[in-house]
Amino acid sequence: MQIRTFPSRSSLLFMVALLASAPVHLKAQAAPSAQTATDRPWMNPKLPAEQRAEMVLKQMTLDEKLSLLHGNGMPGVPQWSMPLTALANGGAGYVQGVPRLGIPPLIMSDAAYGVRGSGANGRYSTAMPSNLGAASSWDTKSACAYGTVIGQELRAQGFDMTLGGGVDLVRDPRNGRTFEYTGEDPLLAGTMDGAMMRCEQGQHVVGDIKHYVMNDQETGRFFVNAIISKKAMQESDLLAFHIAIDLANPSAVMCAYNRINGAYACQNSYTLHDVLKQQWGFKGFVDSDWGATHSTVASSDAGLDQEQPMADYFGPRLKAAIASGKVPMSAIDDHDRRVLFGEFVSGIVDDPPQKSVVDVQKGFDTAQHVEEESIVLLRNQDNVLPIDPSRVHSIALIGGHADVGMISGGGSAQVDPPGGNAILPPGQGATRWQEHIWFPTSPLKALRAALPQTKITFDPGTDLASAEALAKQSDVAIVFASQWESEGMDLPDLMLPHGQNDLIERVAAANPHTIVVLESGSAVMMPWIDKVDAVVEAWFPGSAGHKALANVLVGKVNPSGKLPITFPKSDDQLPHATIPKPPAMPRGNPLGTPITGPMSYTVHYTEGPEVGYKWFEAQHKEPLFPFGYGLSYTTYKYAGLTVDSASKTARFTVTNTGNRAGTEIAEVYAQLPHGMEESDYKRLVGWKRITLQPGESQTVTVPIDTRTLKTYNTAQTAWDFAPGAYAVYVGGSSASTPLTATLMIH
């Protein structure tokens with residue numbers, strides 16, 4: 001049998017964007033009329049979504065049912081072209097609705113940190129800070145604002161379904177999609193991603209959380225077999241998804257490309273049927289990642305509800321399987337019931353999108369606020385920051401294209417910058433797949449505006465002697481360094497590429513007051529750390545990153561971000577010193593696109609639930625910077641911890657002992673009773689953002705989230721909460737917990 005290969009949803013979009021068909025002008029679906037109360041009773045918005053879905057289902061023909069279970073192609077990708085492809089509105093895909101019954105189509109767009117493809121479609125989108133950056137705020141209100149902007153801009157552009165919502169844990173920080181995810185801890189990642197998607201779907205778009213599950217590397221992603229025990233998976237990656245899904249109540253969950261313990265994620269009955277739908281009671285639908293469907297009967301049986309972006313398995317083949325009795329109608333009805341439920345519960349039936357003008361200023365304001373909360377101050381020797389204009393009269397700004405812009409993350413998350421790639425001449429900066437894209441967010445301009453009396457001179461950093469000379473004659477030197485990431489590739493290591501370490505070393509040797517600003521999607525190793533005065537992690541900062549960064553550097557904003565991932569000293573400290581190389585791809589498959597043939601490529605996640613800081617603590621390894629770490633321009637003192645075992649809460653006092661107002665993220669950890677398996681590391685169980693004036697104290701109560709303290713009993717398929725004494729720790733990072741107390745479970 002000839003095996004057909006597929007390009008990924010993202011890997012060809014920008015390469016063929018110029019071949020896309022002309023824009024299609026979609027007519028908005030009219031709102032339901034009063035007449036629907038009799039001829040379409042399911043259009044009554046007061047009825048529960050489950051009831052409305054059941055009522056519609058009974059009216060549908062088989063062909064109508066099948067039309068909801070597959071995509072209709074992707075614009076701009078010849079291999080993924082069908083008659084209805086042009087109706088996708090320039091987005092990632094299109095699912096035909098049922099017009100006669102008032103069921104709208106699904107018009108989808110990638111939207112990890114902003115709506116994708118806007119440039120190619122003649123539109124505008126706000127780029128929020130990267131998802132990992134937003135997680136550094138530990139602020140669910142900011143996460144909600146983040147999701148709200150994306151949801152509103154999706155609707156303004158005519159989309160009613162998002163393909164954002166990445167919640168995979170950062171098992172390996174070299175993963176090329178780390179910037180799309182929300183950290184290494186299941187409670188933090190699940191909570192932050194859940195808050196984003198809850199508010200995004202709250203704008204009446206179909207929410208979608210991905211990539212379910214164990215999608216923890218891009219190397220060999222279409223066939224890598226992730227080996228991990230059910231217990232370890234439940235206590236780590238699955239727990240993160242469960243927390244996010246509980247909070248967001250998304251309409252959809254996207255299954256991943258990879259295999260899990262031998263079975264593809266989109267035909268894995270354990271993760272889809274047993275866990276997602278049975279154990280968790282998920283009512284929405286499971287859609288496949290683009291090209292991640294590999295079968296008809298096996299996928300349907302396992303719990304896949306919708307194939308994307310084509311109808312290769314859930315089109316004519318599914319209809320034939322029904323006719324032959326291989327797939328029962330009850331399974332088809334379940335698939336459709338879930339899709340219909342997702343449409344009703346998200347609000348797109350009652351309030352379909354109306355194309356409108358994007359609120360650009362709101363996007364800028366929100367992106368700036370999120371970035372100001374997300375910037376992490378990693379080092380600040382001799383209080384070189386914030387910059388004091390009464391003492392600093394000249395600044396050397398070096399490297400990173402900081403004269404014109406700041407970098408963004410690539411792949412299907414890529415948002416098009418207005419005017420094109422800022423480092424290229426106007427008209428020549430089109431967004432292309434896996435090209436480094438800078439937004440027109442100039443740190444040079446922002447700092448000059450913030451420090452009008454200070455001489456600020458830019459040097460590109462391409463000539464080390466020139467950069468060194470400028471640094472020597474300046475009061476302060478600021479080096480901008482970037483570590484770019486993208487879907488479709490992993491980082492070879494966590495070192496800064498392209499000689500940037502050498503640049504930092506030379507500048508630091510020339511100027512003792514050197515500040516390094518990092519624009520990265522993940523952790524960065526810093527062999528020069530002891531030679532610089534300050535390090536600021538700005539992540540991929542979004543459409544207003546330059547303004548947010550300038551406000552932090554000059555002290556208008558006191559940094560409050562805390563790391564959502566551990567920064568190791570070297571790759572050797574990670575559970576896997578290197579990412580194993582996959583076997584050579586089959587001939588005729590140069591882009592590494594999905595395949596259905598057998599491929600032997602396995603990754604054993606022997607660290608199990610010990611992800612990130614848990615691994616470092618259990619293995620007694622000291623990282624460069626620990627999970628939860630972040631400095632401020634003021635200082636904080638913790639005191640008076642008490643734990644109420646009955647209410648499972650921690651109560652303590654935090655005091656601002658410095659001379660600036662600031663916001664501290666107080667973190668609460670707990671440890672399993674001594675002698676239990678997995679009792680050799682702490683687990684995050686809660687946190688609280690506390691804003692304090694100089695000298696002010698606040699006593700706060702933080703609920704202890706016991707989901708992270710329970711252990712999974714595989715034999716019982718249930719969670720155990722063992723009796724005993726649980727040590728509780730409170731402090732400013734996973735490695736700094738000065739307060740201790742005991743939680744007693746009887």
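Coordinate-derived values only; no laboratory data. Owing to the predicted nature of the structure, the values given are computational and were not obtained by experimental measurement. Quick reminder, even Gly has a Cβ in these numbers, built from the backbone with ideal geometry, and neighbours come from all protein chains shown.
Label positions at Thr38 and Thr653, each projected 7 Å from the Cα along the C-beta direction, are separated by 7.1 nm.
On the basis of the beta-carbon distance and an R0 of 35 Å, Lys455 and Met495 show a calculated FRET efficiency of 0.60.
Close Lys pairs in the stretch 634-745 (alpha-carbon distance under 17 Å; sequence gap of 8 or more, or different chains): 5. The modelled label-to-label distance between Met329 and Leu464, using points 7 Å beyond Cα along the C-beta direction, is 7.5 nm. Relative to the longest principal axis of the Cα atoms of the chain, helix 360-374 runs at roughly 60 degrees.
In the chain, the calculated helix contribution to ellipticity at 222 nm averages -6500 deg cm²/dmol per residue, counting -39,500 (n - 2.57) for every DSSP H run with n ≥ 4.
First check a/c for the stretch 620-690, with a ≥ b ≥ c the square roots of the eigenvalues of its C-alpha gyration tensor; if it is under 1.5, answer rounded, and if not, answer prolate when a/b is larger than b/c or oblate otherwise. Mind showing how you got there, number by number?
On the way: a/c = 2.92, a/b = 1.39, b/c = 2.10.
It is oblate, given that a/c is not under 1.5 and a/b is not larger than b/c.
Neighbours of Lys230, meaning other residues whose beta-carbon lies under 13 angstrom from its beta-carbon, give a summed charge of -2 when Lys and Arg score +1 and Asp and Glu score -1. For the pair the stretch 532-578 / the stretch 108-137, the C-alpha centres are spaced 20 Å from each other.
Would you mind calculating the gained length between Ser570 and Asp720 on full extension (0.36 nm times residue separation, minus the Cα-Cα distance), in nm to one decimal?
Working: separation 150, 0.36 × 150 = 54.00 nm, distance 3.61 nm.
50.4 nm is the gain from fully extending Ser570 to Asp720.
Hull surface divided by four, with the convex hull built on the Cα atoms of the stretch 115-199: how many nm²?
Working: hull surface 21.9 nm².
Quarter of the Cα hull surface area: 5.5 nm².
For the chain, taking a cut-off of 4.7 Å between Cβ atoms, no cysteine is left unpaired. Sorted ascending by nearby beta carbons within 10 Å, beginning with the fewest, Glu373, Glu519, Glu50 become Glu50, Glu373, Glu519. Straightening the chain between Gln59 and Ser679 buys 217.7 nm, computed as 0.36 nm per residue apart minus the Cα-Cα spacing.
Helix 140-156 axis versus longest C-alpha principal axis of the chain: approximately 50°, rounded to the nearest ten.
Working note: Cα atoms of the stretch 634-745, range along each principal axis, descending, whole Å: 55, 25, 21.
As a rough guide to protection, the peptides 379-391, 527-539 ranked by mean Cβ packing within 10 Å, highest first, stand as 527-539, 379-391. Here the Karplus relation 6.51 cos²θ - 1.76 cosθ + 1.60, evaluated at θ = phi - 60°, turns the backbone of the stretch 409-419 into coupling constants of x, x, x, 5, 7, 4, 9, 6, x, x, x Hz, with x for every Gly and Pro. Where the centroid of each part is defined by its Cα atoms, how far is the stretch 187-219 from the stretch 449-498 in Å? Taking the Cα centre of the stretch 449-498 as reference, the centre of the stretch 187-219 is 33 Å away.
Toward the positive end of the charge dipole of the stretch 202-334, with +1 on the Cβ of Lys and Arg and -1 on the Cβ of Asp and Glu, the farthest Cα among Ile227, Gly284, Val206 is that of Ile227.
Rounded to the nearest 10 degrees, the inclination of helix 186-201 to the longest alpha-carbon principal axis of the chain is 60 degrees.
With only Lys, Arg, Asp and Glu charged, each at its Cβ (+1 for the first two, -1 for the last two), find how big the charge dipole of the stretch 123-256 is about the Cα centre; round to the nearest 20 debye.
Working: 11 positive and 16 negative charges, 33 e Å.
Dipole about the Cα centre, nearest 20: 160 debye.
Put simply, when 155-161, 650-656 are sorted by average Cβ atoms within 10 angstrom per residue, most first, you get 155-161, 650-656.
Overall, the chain carries a charge dipole of about 980 debye about its Cα centre when +1 sits on the Cβ of Lys and Arg and -1 on the Cβ of Asp and Glu, all other atoms neutral.
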